[in-house]
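Data block below; observations after.
Here, each number is a calculation from the coordinates, and none is a lab measurement. All values reported here derive from a predicted model rather than from experimental measurement. Cβ atoms come from the backbone with ideal geometry, glycine included; neighbour counts cover every protein chain shown.
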Protein chains: 2
Amino acid sequence: MGQALSPQDLSEFTPQEKSITLVEQVLVQIQTSIIKGELPAGSKINEQALAEKYGISRGPTREALQLLERQRLVVRVPHIGARVAALTVEELNDLYELRSTLEVMACELAAKRITEEQLNNLWQLLERQEAALNDGDSYFQQEGDVDFHYQIIRASGNRHLQETLIGGLYHLLRMYRYQCTNNSRRPVRAIAEHRRIVEAIAQRDAELAGLLMRRHIEQGRQNTEQRLKQLQAQTLAAKPQNVC
Amino acid sequence: MGQALSPQDLSEFTPQEKSITLVEQVLVQIQTSIIKGELPAGSKINEQALAEKYGISRGPTREALQLLERQRLVVRVPHIGARVAALTVEELNDLYELRSTLEVMACELAAKRITEEQLNNLWQLLERQEAALNDGDSYFQQEGDVDFHYQIIRASGNRHLQETLIGGLYHLLRMYRYQCTNNSRRPVRAIAEHRRIVEAIAQRDAELAGLLMRRHIEQGRQNTEQRLKQLQAQTLAAKPQNVC
DNA sequence: TAGGTACTAATTGTCAACAATATGCAATGT
DNA sequence: ACATTGCATATTGTTGACAATTAGTACCTA
């Protein structure tokens, strides 16, 4: 009886096309556009236009924008509209100040709670990163670094911490890093720091792991701040808005 | 000419009835219902019913629910629906673990950055709390305590920290406290702790202020955890779900 | 020319209907 | 009695139209 098509069978032919909601489909795309700067930082977002761009109506679009606001990539004002988050030095410092506190916490917790399996994954990621370093695969560097911090946060075991960092801060951090990356040889040093952090975690030395993470993040902040100031100086010079 | 009614003139007759959005009007009411338990923790929320209750349509209702999800008071699952957050001991510990880290950070920053005016407000609030203690005004105690922490968070000067704590965690904390408050004489002790924290901030002693805040919050956690366990034991005893 | 004012256009907020999905229940067969 | 199937109901996801508000523009006045 019945080799007939049940709804589940269809999944063989159209694999990951589950009954996903429109918002979920579109959210990542808009997110990426913002992080890469295709939707420029600080620019206005038109609901209608955005909806048409992805072939959906304004309802799901509004929901997506609200989710992006939760991720701090978008700022919405009633009756006025939505804007892409602006990148400023002041916010960068606030953001990294908070990030540092939270990831140090995550790192300390991870040193106490990480499982053997999670630790193995971390080692493997580290090796892949070190390998990619020789290949000069800069794209993998970006994603790999995100993954590194991501895995440690997961290993902390604190749900609210994970939600705060990954759901709330991480995408904005990605945006700063994507748009303020200079092609120095920071990766070499960064990955060396990664190794020492993993070693500390493996030795269950929470205090050391936290300390190393704090320094690691501070390095990243300085790097980003410097580049951001350069960029802003350039754009200000290019737009001499008032000739007094 | 024309003393005729311009839109602005109407505001004289209906004072603070600005053109506020429906979501803003309803959000606080639903929030309060959840925190007070009128919408029971863990219960399902029906969009249609909720919309009718406040005389609005499902559109704004959905937006309000999404905002409540950001505040962790509601959990939404696609195609399934929204539920009021469940109160569990495990989450309470995760929540307080994170809260402690963040408010210690806020306290340390406040000790460094607080203005004279903000400090005066803090002293005044403290005096009002101590006065209310003698009157036994327990409602003011609740709100006063919220205000105390709120003001310190504001004084930290870090926008992202404020958003994370006030926009993300605080309402869920209020829910735990409202529903897990025992009428012990904790307030007396709590306000004594408040005083010492303010003194440390006034002396610009960030380290001490942070330490005192950490202990203060840990006290609150223990208190709430104890009460929560009592409540859950009661409700489980009342519902002997399986008689094996 | 500067500043303010009525008008128009563009944009956001809200609603009600429709489509897609999940839930509950009765009937059926083993 | 138990699990499974199929249908009817209830709930959520999505859409397009309409209302309310803001932004832009031309015009007028001092």
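Computed from the C-beta positions of A:VAL77 and A:TYR178, the FRET efficiency with R₀ = 30 Å rounds to 0.75. Label points for A:ARG204 are taken 7 Å from Cα along Cα→Cβ. From this copy to the others they lie 4.3 nm apart, shortest first. Summarising the label geometry, the points placed 7 Å from Cα in the beta-carbon direction at A:ARG186 and B:LYS44 lie 5.0 nm from one another.
What distance in nm lies between label points placed 7 Å from Cα along the C-beta direction at B:LYS36 and A:ARG204? Placing both labels 7 Å beyond Cα along the Cβ direction yields 4.9 nm. For the range A:132-174 versus the range B:120-198, the inter-centroid distance based on Cα atoms is 35 Å.
What does the C-alpha gyration tensor say about the overall shape of the protein assembly as shown? Classify as rounded when a/c is under 1.5, otherwise prolate if a/b is larger than b/c, or oblate.
Numbers: a/c = 1.20, a/b = 1.12, b/c = 1.07.
Rounded, since a/c falls under 1.5.
Given the rule -39500 (n - 2.57) for each run of at least 4 DSSP H residues, summed and divided by the residues of the protein assembly as shown, what is its mean residue ellipticity at 222 nm, to the nearest 500 deg cm²/dmol? If you can, show how the numbers build up before the last one.
On the way: 22 runs with 335 residues, N = 488.
The helix-only estimate for the protein assembly as shown comes to -22500 deg cm²/dmol at 222 nm.
With the label put 7 angstrom out from Cα along the Cα-to-Cβ vector, B:LEU22 ends up 1.9 nm from the copy partners, going from closest to farthest.
Let me know the longest stretch in chain A that avoids all GluC sites (Glu not before Pro) found in a DSSP loop with at most 11 other C-beta atoms within 10 Å. Don't jump to the answer; show the numbers that get you there.
Details: sites that count: A:GLU17, A:GLU38.
My reading of the result: A:39-244 is the longest stretch.
For a test of the definition: using alpha carbon positions, the gyration tensor, and the 1.5 limit on a/c, classify chain A as rounded, prolate or oblate. Oblate, since a/c reaches 1.5 and b/c is not below a/b. First select every other residue whose beta carbon is under 10 angstrom from the beta carbon of B:ALA51; then total the charges, Lys and Arg +1, Asp and Glu -1. Taking every Cβ under 10 Å from that of B:ALA51, the sum is +1.
Can you give me the span-like helices of chain A, meaning DSSP H runs with 27 Å or more of Cα extent along the axis and Kyte-Doolittle mean at or above -0.5?
Details: long enough: A:89-113 (35 Å, -0.12); A:116-135 (29 Å, -1.06); A:206-238 (48 Å, -0.73).
Taking the DSSP H segments of chain A (at least 27 Å long, mean hydropathy at least -0.5), we get A:89-113.
Among B:LEU68, B:LEU125, B:LEU165, the largest mean-square fluctuation in a Gaussian network model of chain B (Cα springs under 10 Å) belongs to B:LEU125.
What separates the B:ALA131 label point from its copies, with the point 7 Å along Cα to Cβ, is 7.0 nm, written shortest first. The gain in end-to-end length when the A:ILE20 to A:GLU116 segment is fully stretched comes to 31.2 nm, 0.36 nm per residue minus the alpha carbon separation. Relative to a virtual label point 7 Å from the Cα of A:GLN222 in the Cα→beta-carbon direction, which members of the range A:152-196 show backbone nitrogen distances below 16 Å? The answer is A:182, A:184-194, whose backbone nitrogens lie closer than 16 Å to the label point. Normalised Debye scattering of the range B:146-229 at q = 0.14 Å⁻¹ gives log10 I(q)/I(0) of -0.53, counting only Cα atoms as equal scatterers and leaving out solvent. What shape does the range A:67-142 take by its C-alpha gyration tensor, where a ≥ b ≥ c are the square roots of the eigenvalues and a/c under 1.5 counts as rounded, a/b above b/c as prolate, and the rest as oblate? The shape class here is prolate.
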